[in-house]
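The values are calculated or read from the model by the stated rules, or taken from the named source; none is laboratory data. Quantities reported herein were computed from a predicted structural model and do not represent experimental measurements. Don't worry about glycine lacking a Cβ; one is built from the backbone with ideal geometry, like all the others, and counts go over all protein chains shown. Protein only, heavy atoms only, side chains kept; ligands, DNA and RNA dropped before computing areas. Shrake-Rupley method; radii C 1.70, N 1.55, O 1.52, S 1.80 Å.
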Amino acid sequence: MKLVLDACVLYPTVLREILIGVAAKGLYQPLWSERLLEEWARAAARRNEADEVIARGEVAMLKARFPQAMIARHEGLENRLHLPDENDIHVLATAIAGHADAIVTMNAADFPRGVLQSEGLDRRSPDDVLWALWSDHPEKVAQVVEAVRQEAERLSGQPQPMRALLKRIRLSRLGRALETK
């Protein structure tokens, strides 16, 4: 399965680390473009300069770790597409050019299902994607989420209960699934 990761799921860190960790386990192939990665770095820059530096370092590591994930820009393709927010057309173009199955985003309104379906694509929330992957590969997903939770706890110096952590990043369904396991 090939999934385009919208910038809004690459930032925040915990969500990105879970999505990338699951991809590293071979459960799906992530796709992105230079512009998507740049949007993530600019979002980090809005917090502070140090966050931007960290994000740009993480972008470089992702490019090296997943070289097949980078999809080149296709201006001609972008010119024929229409979405409610013109600034998201490049995301749809990336998905089409990369032969993706879906776009993973939290911005449902910006990616109408009818438009995506006409291009052979789906729109999925991170919670839907991760819950589905957990349903098929519970141990692998649980390992990734636990490792990310432990790292969040280490970095914050505070307890990070699993369900509360996942609820903060809008992974409630996955949180409930992991809690019942």
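Overview of values
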| item | result |
| --- | --- |
| Where the chain is the region considered: accessible area per residue in Å², 1.4 Å probe | 51 |
| Estimated FRET transfer efficiency (R35, Q143; beta-carbon r; R0 22 Å; 0.05) | 0.10 |
| Of A147, A95, A69, the one that fluctuates the most in a GNM where the chain has Cα springs shorter than 10 Å | A147 |
| Gaussian network model of the chain, springs between alpha carbon atoms under 10 Å - residue of L36, L19, L77 with greatest fluctuation | L77 |
| With all protein chains modelled, accessible area of M106 [1.4 Å, Å²] | 50 |
| Separation in nanometres of the label points that stand 7 Å from Cα toward Cβ, at H99 and E86 | 3.2 |
| Reduced Cα scattering model of the chain, Debye log10 I(q)/I(0), q = 0.08, 0.09, 0.16, 0.17 Å⁻¹ | -0.24, -0.31, -1.00, -1.12 |
| Euclidean distance of C-alpha centroids, segment 1-80 and segment 104-123, integer Å | 18 |
| Sites E151 and E119, calculated FRET efficiency, Cβ-Cβ separation with R0 35 Å, nearest 0.05 | 0.45 |
| Cα gyration tensor shape for segment 43-87, rounded if a/c is under 1.5, else prolate or oblate | oblate |
| FRET E, pair R73, E179, Förster distance 41 Å, beta-carbon r, rounded to 0.05 | 0.50 |
| J(HN,Hα) series, segment 67-81, from Karplus relation 6.51 cos²θ - 1.76 cosθ + 1.60, nearest Hz, glycine and proline x | x, 6, 7, 6, 10, 5, 5, 10, 4, x, 5, 4, 5, 8, 9 |
| Per-residue [θ]222 nm for the chain (sum of -39500 (n - 2.57) over DSSP H runs n ≥ 4, rounded to 500) | -18500 deg cm²/dmol |
| Mean separation of Cα contacts under 8 Å, 6 or more apart, over the residue count of the chain: relative contact order % | 23 |
| Estimated dipole of the chain in Debye, rounded to 20 [Cβ of Lys and Arg +1, of Asp and Glu -1, Cα centre] | 520 |
| Percent carbon-and-sulfur accessible area, the chain, ignoring ligands, DNA and RNA, probe 1.4 Å | 50 |
